[in-house]
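Student: My questions all concern the structure below.
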Amino acid sequence: DGGTGEVITEKKAIQAKYLGSVSFYIDAIACIPILKTLLSPFIKGENMIALSTNFNVLRMCRVLHFPSQFSELKKYLSRKEPVNEPLFRMCIILFFTLLLMCIFGCTYFGWSTAVVDNICPNPDLFKEEILGAEMW
């Protein structure tokens with residue numbers, strides 16, 4: 001329980017708290033294949049694979065859980081000794097900076113592969129043309 005610190009093991013209470021929380025909606029949006037379900041009758045083949053791959057970004061909305069996780073981490077660390085506030089904030093900023101770098105890199109790669117055809121070679125062609133060729 002958030003107010004008393006008591007551990008709740010009752011399944012109904014856990015379910016009621018989770019269903020009423022923002023975390024439930026974040027997880028629900030991240031788990032539903034919205035575009036794949038709605039567009040699957042109209043788009044076929046490689047286009048559907050590319051579209052569903054690029055829109056797996058919806059799963060990344062789970063990063064909205066991180067602020068609450070950082071506060072839990074801070075509570076846990078402060079049990080033993082006081083937490084160095086500036087250092088803790090700097091670690092959080094570093095984490096989110098690296099996370100944004102990954103998001104932008106993946107987005108750029110997704111857009112560039114959508115524009116350029118066959119940026120990743122077929123594995124069979126790769127074996128024959130690249131590995132079969134004399135490298136030196």
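Student: Counting only the heavy atoms of the protein chains, how much of K74 is accessible to a 1.4 Å probe, in Å² to the nearest 10?
Tutor: 70
Student: Then there's this: Please give the solvent-accessible surface of I29 in Å², to the nearest 10, using a probe radius of 1.4 Å with every protein chain present.
Tutor: Counting only protein heavy atoms, I29 exposes about 90 Å² to solvent.
Student: How far apart, in nm, are two points set 7 Å out from the Cα along the Cα-to-Cβ line at I103 and at N84?
Tutor: Those two pseudo-labels are separated by 2.8 nm.
Student: If you don't mind, there's one more thing I want to ask. Given the protein chains as shown and a 1.4 Å probe, how many square angstrom of V22 are accessible, to the nearest 10?
Tutor: About 110 Å², rounded to the nearest 10.
Student: Can I ask one more? Report the local net charge at D27: Lys and Arg +1, Asp and Glu -1, summed over other residues whose C-beta lies under 15 Å from its C-beta. Could the numbers behind the result be given before it?
Tutor: Details: positive: K17, R59, R62; negative: none.
That works out to +3.
Student: Okay, next question. Which FRET efficiency, nearest 0.05, do F96 and I29 yield, Cβ-Cβ r, R0 25 Å? It would help to have the intermediate numbers written out before the result.
Tutor: Details: r = 20 Å, r/R0 = 0.81.
The calculated FRET efficiency here is 0.80.
The values are calculated or read from the model by the stated rules, or taken from the named source; none is laboratory data. In this text the structure is predicted, and so the values were computed from the model without any measurement. Here Cβ is always computed from backbone atoms with ideal geometry, including for glycine, and neighbour counts include all displayed protein chains. Quick note on the areas: whole protein, heavy atoms, side chains included, nothing else; ligands and nucleic acids left out. Shrake-Rupley method; radii C 1.70, N 1.55, O 1.52, S 1.80 Å.
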